[in-house]
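Beneath this line is the structure, given in structure tokens, with notes to follow.
The values are calculated or read from the model by the stated rules, or taken from the named source; none is laboratory data. Computed from a prediction, not measured in an experiment: that's the story for all the values here. As a convention, Cβ positions derive from the backbone with ideal geometry for all residues, glycine included, and neighbour counts pool all protein chains shown.
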């Protein structure tokens, strides 16, 4: 891996020693620069679980991706820098309160001096810096998080009006290829939200910016504003302005209606 190119992509020029301070800075830099996006699905491009492909897309092409790509590549970077990293499987909570199947989401467990931390740069609107598995409430990006015990392992909660479940997970080690089936599922299945709408979202120092189809949503210091874009030209301009993504002269596939 070209570590220097990756670090330049996420705007990091600090120490490379595998410390907690470095991990926090890398995680924060990733969240602020690399968007969570599913655009390849809507361009008819198959996403495969391959670290070299992740690197080419995210670093060289300056794109984003979804969890398998973002956390898959971030785990490779952390290993190159000397961190003890384990891939974990998460099951994401739905609006109805159900949890998805195994391998629905890819999460990272990082051990530092024997202490476990959860890293996740692939869940969109989520914690900006890693969370400790210490049974305590933790603040990140102006939000409170808590990792609690759950019958099937652990559960990530975020305080909104009430504590809201984000996903459940166990500490059983996984391999990247274990996620292949669900990676394909999220590109093709009517039960996945990803084929239904284009999404591109990135954290900012003051909040978040999200492009969901033609709706541009910005949150600054918890103040939310949104506007509807009027043309594909405006859509592509927004991709470039807010996410640094340039996709000229590419045809989108029709949105799937099941």
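Here is how the numbers come out for the structure above:
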| item | result |
| --- | --- |
| Within the range 1-79, helices (runs of 4 or more DSSP H) holding 1 or more residues that are within 20 Å of residue 119 (Cβ to Cβ) | 3-9, 20-33, 51-55 |
| Test: residue in the range 172-193 that is at pLDDT below 95, more than 19 Å from residue 31 (Cβ to Cβ) and either touching a helix residue (DSSP H, G or I) at 6+ places or on another chain (Cβ under 6 Å) or crowded, with 17+ Cβ neighbours inside 10 Å (or both) | yes |
| The range 117-154, subset under 19 Å from the mean Cα position of the chain (by Cα) and at positive phi, residue surrounded by the fewest Cβ atoms within 10 Å (Cβ to Cβ) | 142 |
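Per-residue answers, yes or no, for (1) within 23 Å of residue 32 (Cα to Cα); (2) in a loop (DSSP other than H, G, I, E, B); (3) modelled with pLDDT under 95:
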| residue | (1), (2), (3) |
| --- | --- |
| 92 | yes, no, no |
| 102 | no, yes, no |
| 110 | yes, no, no |
| 136 | no, yes, yes |
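Conditions tested, residue by residue: (1) touching a strand residue (DSSP E or B) at 6+ places or on another chain (Cβ under 8 Å); (2) modelled with pLDDT under 95.
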site: 220; (1), (2): yes, yes
site: 226; (1), (2): yes, no
site: 229; (1), (2): yes, no
site: 244; (1), (2): no, no
site: 248; (1), (2): no, yes
site: 253; (1), (2): no, yes
